1. What is the percent of Cα-Cα separations in the range 80-134 that go past 20 Å?
2. Calculate the spin-label point distance for E249 paired with A336, positioning each point 7 Å from the Cα along the beta-carbon direction, and give it in nanometres.
3. May I ask for the distance between the Cα centers of the range 151-220 and the range 239-308, given as a whole number of Å?
4. Quick one: order R116, R236 from most to least accessible surface, probe 1.4 Å.
5. Would you mind classifying the range 66-161 by shape? Square roots of the alpha carbon gyration tensor eigenvalues, ordered a ≥ b ≥ c; an a/c under 1.5 is rounded, otherwise it is prolate if a/b is larger than b/c and oblate if not.
6. Would you rank V208, V272 by solvent-accessible area, highest first, keeping every protein chain in place and using a 1.4 Å probe?
7. Using amide H atoms built 1.01 Å from N in the peptide plane, name the residues 5+ places from M216, or on other chains, whose amide H lies under 5 Å from its own.
8. Expected output is a single nm value to one decimal: the length gained when fully extending between E160 and I276, i.e. 0.36 nm times separation in residues minus the C-alpha distance. What is it?
Amino acid sequence: MAGDSHVHMDHDMEIGVTPREQVKKLPKHLREAQIPTDCTHLISDPVKKPRQRYVQKDGKCNVHHGNVQETYRYLSDLFTTLVDLRWRLSFFIFTLVYIVNWLFFGFLWWLIALIRGDLLHADEEGWTPCVENLNSFVSAFLFSIETETTIGYGYRVITEKCPEGIILLLVQAILGSIVNAMMVGCMFVKISQPKNRAETLMFSHKAVISVRDSKMCLMFRVGDLRNSHIVEASIRAKLIRSQQTKEGEFIPLNQTDINIGFDTGDDRLFLVSPLIISHEINEKSPFWEMSRAQMEKEEFEIVVILEGMVEATDDQEVDYNNFHDIYETNTPTCSAKELSARLKESPLLPHLPLLSPDLRQHTDPFSSQTTQDKRE
């Protein structure tokens, strides 16, 4: 995703409204329509006491890992470790890796020149150095940069009478390509991460519990402000609270799934306009036995996770060569209701011939002969 968005929703939910609640001014379309709103008053935000959250409102997890003994595991996945670093640290490592690489190969070029005696005999006539015009460590460092970045100013060049220099040139070219691929790949992945994409995803500040279609439901809204839609968007929710088992075991921060349409497919969103996400409070719901008074006393959090792929970063190819092609199949011409009734009488559907355009209006959907043939 592809990109993920997390939102935290605490348990200060609107569960019914009394006339004593502080009422806000109704929207314009409700005032003009003069719809009775005895049970749908808008209420103001209640005063909340500060509390420590498991997940912050902006989606960041308020969890820090401490006393990690096996730190070598981070080095085993070096690429992901580099991608997860902060930007200032990433730029520092990016610059440091290139400078160290240039200095290292510059030292090797200077060492070859020193061993061959090029630094002492460079000005002598008839002397063929390994690298022409390389007479100090600074010039060796500049030649290392020119070699790895393929600048090629033409002033310092390697000669054919230096086999050790040719080998070093090949090694630097190969290792330089590996360093470029790794560092540029890390920066590309870090830039393409859609972390800021979540800033334009909106979640309602409150979750409400109300009756919908004669069922108690927990509901909240989600919306996308951008015109570039999220592809394959799906949503799920978790209930975070401490729990004690029947055996007396205490489980801190236990995670429980909240069904918001997984079995019906309602968790797959077409997020082009704000949607209301609903969780039916039934026997399988963790809120089944909770009253309003109990919810106000409970300590829990609801974490909503929206996943999907951003159109700008998605990479898929669609072949439209066969887009308009169709082919004929054994399809009954009766209604779906009649087909269902026939299948209840006979579970196995008889073999049906392919229907040609001339016979479609005269063909029995459950027979391989036409009506006219039967009469004859």
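The values are calculated or read from the model by the stated rules, or taken from the named source; none is laboratory data. Values in this document were obtained by computation on a predicted structure and should not be read as measured data. So basically every Cβ, Gly included, is an ideal-geometry build from the backbone, and we count neighbours across all protein chains shown. Note: accessible area is taken over every heavy atom of the protein model, side chains too, but ligands, DNA and RNA are not part of it. Shrake-Rupley method; radii C 1.70, N 1.55, O 1.52, S 1.80 Å.
1. Percent of Cα pairs beyond 20 Å in the range 80-134: 48.
2. With each label point 7 Å from Cα toward Cβ, the separation is 4.7 nm.
3. Here the two parts' Cα centres lie 34 Å apart.
4. Numbers: R116 70, R236 100 Å².
Largest to smallest exposure gives the sequence R236, R116.
5. Prolate shape, in that a/c is at least 1.5 and a/b is the bigger ratio.
6. V272, V208
7. I281
8. Extra length available between E160 and I276 comes to 34.4 nm.
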